[in-house]
Amino acid sequence: MKKLFSSLLLAILIIGLMSVPTLAESVNVYTSLDEELARTVFEKYQDETGVDIRWVRLSTGEAVSRMMAESANPQASIWVGGVGLGHIQAKESGLTIPFEAENAQHVPANFKDPDNYWTGIYAGPLCFVSNTGRLEELGLEAPKSWADIVKPEYENQVQVANPGTSGTSYNVLATMVQIMGEDEAFEYMKKLDRSVVQYTRSGSAPGKNAAIGEIPIGIGYAHDQVKLKSQGYPLEITFPEEGTGYEVASISLIKGGQETETAKDLYNWLLSEEAAQIYADTFVVPFRDAELQPGAVPISEVNTIDQDDVWAGKNKERLVEKWNDEIYSQ
């Protein structure tokens with residue numbers, strides 16, 4: 001009887017061990033997080049698990065394009081960060097797979113996909129960021145509305161990213177369409193084009209360039225600007241009075257990835273309280289409770305539009321193509 005009991009116990013233990021997925025030694029990751037934040041987050045996970053994270057930093061648009069190009073032979077298993085609109089586009093394009101992470105229960109329903117294809121980790125509103133020294137030099141005031149930024153005095157004084165490569169900038173375009181309607185929004189974008197001195201590849205670049213005084217005004221997400229301001233740069237942050245769009249930085253599993261079980265473990269860890277505090281330490285406002293940095297702006301304190309991310313995701317390719325034809329190529 002004792003031998004039978006021991007055999008049964010051993011069998012149960014073996015079955016139990018077999019049911020626990022073994023983490024791969026490494027996992028390939030595409031990330032659209034700020035590079036410093038990505039390094040901090042991934043090094044912490046590596047220290048805890050021993051898994052080697054091989055990551056490549058791409059803007060939202062670049063990440064989606066890369067996944068499309070590699071769809072027959074994916075080179076990464078998980079996409080971390082990047083505007084939620086891009087994650088919706090990836091879902092609609094069949095580039096990602098659903099996964100209901102245990103820690104996703106702590107994320108509000110309106111900040112995650114109802115079919116579990118993507119989950120948000122933090123939200124950040126669009127804003128204007130102005131170098132106060134350059135404003136004084138030019139006799140300008142910091143813009144306080146979308147209407148301000150297209151006034152003649154702001155001609156060639158603004159920098160924003162290209163919506164074809166940047167999820168941040170596509171969020172600007174989609175915001176204007178949702179505020180004004182498509183025809184009026186494109187007339188507005190033509191006026192904004194006169195104010196724009198350069199379209200950058202990355203959505204975070206305009207804020208960085210405003211910080212060093214290369215340009216007077218940039219358009220980007222608030223947390224990036226709050227971080228720069230905390231470093232002593234002479235910046236003023238303002239939010240459009242008419243209402244502004246926002247990003248939901250998200251996570252998705254890539255269809256056909258080779259390290260899916262390890263990617264799932266990383267996915268769940270990225271939604272943990274421990275990870276949330278790392279995000280908060282870099283001035284973003286995560287969905288899980290964390291101690292925020294001074295100056296961090298919760299999205300609840302900003303006048304945001306009634307943003308339809310599903311619509312924006314489905315219409316991205318068409319709207320970006322129209323923007324290229326009617327504005328960028330002119």
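The values are calculated or read from the model by the stated rules, or taken from the named source; none is laboratory data. Fair warning: this is a prediction, and the values are worked out from it, not measured in the lab. So basically every Cβ, Gly included, is an ideal-geometry build from the backbone, and we count neighbours across all protein chains shown. What goes into the accessible areas is simple: the full protein's heavy atoms, side chains included, and nothing from ligands, DNA or RNA. Shrake-Rupley method; radii C 1.70, N 1.55, O 1.52, S 1.80 Å.
Things to note:
- For the chain, the fraction of 1.4 Å probe accessible surface lying on carbon and sulfur atoms is 49 percent.
- Listed values for segment 309-323 are Karplus-derived 3J(HN,Hα) couplings in whole Hz (6.51 cos²θ - 1.76 cosθ + 1.60, θ = phi - 60°), namely 5, 5, 4, 5, x, 5, 9, 4, 4, 5, 5, 5, 4, 5, 5, and x replaces Gly and Pro.
- Within a straight-line Cα-Cα reach of under 23 Å, Lys264 can be paired with the following lysines, leaving aside sequence neighbours fewer than 8 residues apart in one chain: Lys44, Lys91, Lys112, Lys255.
- Tilt relative to the chain, helix 182-195 - C-alpha long axis, 0 to 90 degrees, to 10: 70
- Divide the volume of the convex hull around the Cα atoms of segment 35-153 by the residue count and you get 181 Å³ per residue.
- Gaussian network model of the chain, springs between alpha carbon atoms under 10 Å - residue of Ser130, Ser169, Ser93 with greatest fluctuation: Ser93
- Each residue of segment 128-138 was assigned a 3J(HN,Hα) from its phi angle through the Karplus curve 6.51 cos²θ - 1.76 cosθ + 1.60 (θ = phi - 60°); the sequence is 9, 10, 10, 7, 5, x, 5, 4, 4, 4, 9 Hz, with glycine and proline shown as x.
- Anisotropy class of segment 185-330 from Cα gyration tensor, a/c 1.5 cut: oblate
- Linear extension gain, Lys190 paired with Glu214, 0.36 nm per residue minus alpha-carbon span: 6.3 nm
- Each Cα pair under 8 Å and six or more residues apart adds its separation to the average, and for segment 190-280 the resulting relative contact order is 15 percent.
- Beta bridges by DSSP in the chain, antiparallel share as percent, to the nearest 5: 60
- Close amide H partners of Trp55, meaning residues 5 or more places away or on another chain with modelled amide H under 5 Å apart, are Val29.
- Between Lys314 and Asp183, the modelled label-to-label distance comes to 2.2 nm, taking each label 7 Å out from Cα in the direction of the beta carbon.
- The chain: calculated mean residue ellipticity at 222 nm from DSSP helix runs of at least 4, using -39500 (n - 2.57): -12500 deg cm²/dmol
- Ratio of Rg to Rh over segment 189-268 (Cα coordinates, Kirkwood Rh, two decimals): 1.12
- Where N is the number of residues in segment 86-181, Cα Rg divided by 2.2 N^0.38 Å: 1.47
- Whole-Å distance, taken between Cα centres, linking segment 230-292 and segment 85-124: 13
- Close amide H partners of Phe283, meaning residues 5 or more places away or on another chain with modelled amide H under 5 Å apart, are Gln293.
- Inter-label distance, nm, simple model (7 Å from Cα along the C-beta direction), His106/Thr132: 3.6
- Prolate/oblate/rounded label for segment 178-226 (Cα gyration tensor, a/c 1.5): prolate
- Prolate/oblate/rounded call for segment 247-330, Cα gyration tensor, a/c under 1.5 rounded: oblate
- What the chain shows is 46 Å² of accessible area per residue, with the surface traced by a 1.4 Å probe over protein heavy atoms.
- Our estimate of slack between Gln277 and Gln75, defined as 0.36 nm per intervening residue step minus the Cα-Cα distance, is 69.8 nm.
- Long-range amide H partners of Ser250 with built H, under 5 Å: Gly81, Gly82, Gly84, Ile121
- Converting phi to 3J(HN,Hα) with the Karplus coefficients 6.51, -1.76 and 1.60 and the offset θ = phi - 60°, segment 232-244 yields x, 6, x, 10, 10, 10, 9, 10, x, 4, 6, x, 9 Hz in sequence order, with x at every glycine or proline.
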